[in-house]
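Engineer: Next up is a structure, given as structure tokens.
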Amino acid sequence: MRPMLIGAPAIEPVSLADAKSWLREDGVEEDELIQALIVAARMTLEAYTRRFFVTQSWRLVFDCWPTSVGSNATLRIPFAPFQSMAAIRVFDASDAPQTLNAATFRAPESMEGGRVSFTSAPPAPGRASDGIEIDFTVGYGSVANDAPQPLRQAILTLVAHWRENRGDSGDDALPKTVVQLAAPFRRERLL
């Protein structure tokens, strides 16, 4: 299984204006730096919590179906919160993609990882590598306020920490306050 980001978030869960207000910054000289810190903080906290804060599109690529997939079987998507399934494509021997009919599987929305239940065994891929592509959407929502407030606060706190320390800190660990804000949302397992 190989994940690929195919549609990055259109917005960040914290705006530049919100971050500048939190930092008590009035000028524009550091806008580019602050915006970069917001993106880095979101991505760091998404990795820490194993959750995606704003809507984004991903693709999982498989060589073949996992052994758990078959008639009335389930494929787990280790991304959360899971919003929707966009498409499942299986490539035949001539490298032509065959999109599975949405009626042949079910992929309900979930605050945890996604699950795709098949009503019948899906077709086997006809090529040896990258024979299956699964496109889906994850995230709390497409509006900044859809992300839980503690996670938004964790981003602001991490941005402030990084801005104040600017690489001077020898400690690579997340600050204690950031961990306390994000810990309730952390998924311990990917599946």
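The values are calculated or read from the model by the stated rules, or taken from the named source; none is laboratory data. A quick note: this is a predicted structure, and the numbers were derived from the prediction, not measured. Note that we place each Cβ from the backbone using ideal geometry, even for glycine, and neighbour counts take in every protein chain shown. Just the protein is used for accessible areas: all its heavy atoms, side chains included, with ligands, DNA and RNA removed. Shrake-Rupley method; radii C 1.70, N 1.55, O 1.52, S 1.80 Å.
Engineer: So how much slack lies between residue 164 and residue 63, counting 0.36 nm per residue of separation and subtracting their Cα-Cα distance, in nm?
Structural biologist: Gain in length upon complete extension: 31.8 nm.
Engineer: So, one more: Among the DSSP beta bridges whose two residues both lie in the chain, what percent are antiparallel, rounded to the nearest 5?
Structural biologist: DSSP beta bridges in the chain are roughly 100 percent antiparallel.
Engineer: Quick one: grab Rg to one decimal and Dmax as a whole number for region 99-191, Cα atoms only, in Å.
Structural biologist: 19.9, 57
Engineer: Just to be sure I understand the model, the point goes 7 Å from the Cα along the line to the Cβ. What's the resulting residue 39 to residue 15 distance in nm?
Structural biologist: 1.9
Engineer: Report the charge-dipole magnitude of the chain in Debye, nearest 20, computed about the Cα centre from +1 at each Lys and Arg Cβ and -1 at each Asp and Glu Cβ.
Structural biologist: Magnitude of the dipole: close to 820 debye.
Engineer: Still on this structure: Using the Cα gyration tensor of region 25-97, with a ≥ b ≥ c the square roots of its eigenvalues, what is the shape: rounded (a/c below 1.5), prolate (a/b larger than b/c) or oblate (neither)?
Structural biologist: Taking the square roots of the gyration eigenvalues as a ≥ b ≥ c, region 25-97 is prolate.
Engineer: Using a 1.4 Å probe on the protein chains only, how many percent of the accessible area of the chain belongs to carbon and sulfur?
Structural biologist: 51
Engineer: Could you do me a favour and compute the accessible area per residue for the chain, 1.4 Å probe, result in Å²?
Structural biologist: 53
Engineer: Another question, if that's okay. As an exercise, take the mean of 1/r over every pair of distinct alpha carbons in the chain, invert it, and state the Kirkwood radius in angstroms.
Structural biologist: One decimal place: 18.3 Å for the Kirkwood radius.
Engineer: Using R₀ = 30 Å, calculate the FRET efficiency as 1/(1 + (r/R₀)^6) where r is the Cβ-Cβ separation of residue 25 and residue 109; round to 0.05.
Structural biologist: Here the calculated transfer efficiency is 0.20.
Engineer: Can I ask one more? If you rank 118, 105 by how much accessible surface each has, with a 1.4 Å probe, what is the order from largest down?
Structural biologist: 105, 118
Engineer: Considering only 105, 11, 37, whose Cα is most displaced toward the positive end of the charge dipole of the chain, charges sitting on Cβ of Lys, Arg (+1) and Asp, Glu (-1)?
Structural biologist: 105
Engineer: So how tilted is helix 31-49 from the main axis of the chain? Cα-based, degrees 0 to 90, rounded to 10.
Structural biologist: Between helix and principal axis, roughly 50 degrees.
Engineer: Filter the GluC sites (Glu not before Pro) in region 1-70 down to the DSSP loop ones having no more than 11 other Cβ atoms within 10 Å, then list what survives.
Structural biologist: Of the GluC sites (Glu not before Pro), the ones in loops of region 1-70 whose Cβ has at most 11 other Cβ atoms within 10 Å are 29.
Engineer: Next up: For region 61-149, rounded, prolate or oblate, judged on the Cα gyration tensor with a ≥ b ≥ c (square roots of eigenvalues), a/c < 1.5 rounded, else prolate if a/b > b/c?
Structural biologist: prolate
Engineer: Would you work out the relative contact order for region 30-117, in percent, from Cα pairs under 8 angstrom that are 6 or more residues apart?
Structural biologist: Reported relative contact order: 27 percent.
Engineer: Relative contact order of the chain: what whole-number percent is it, with Cα pairs under 8 angstrom and at least 6 residues apart?
Structural biologist: Answer for the chain is 29 percent.
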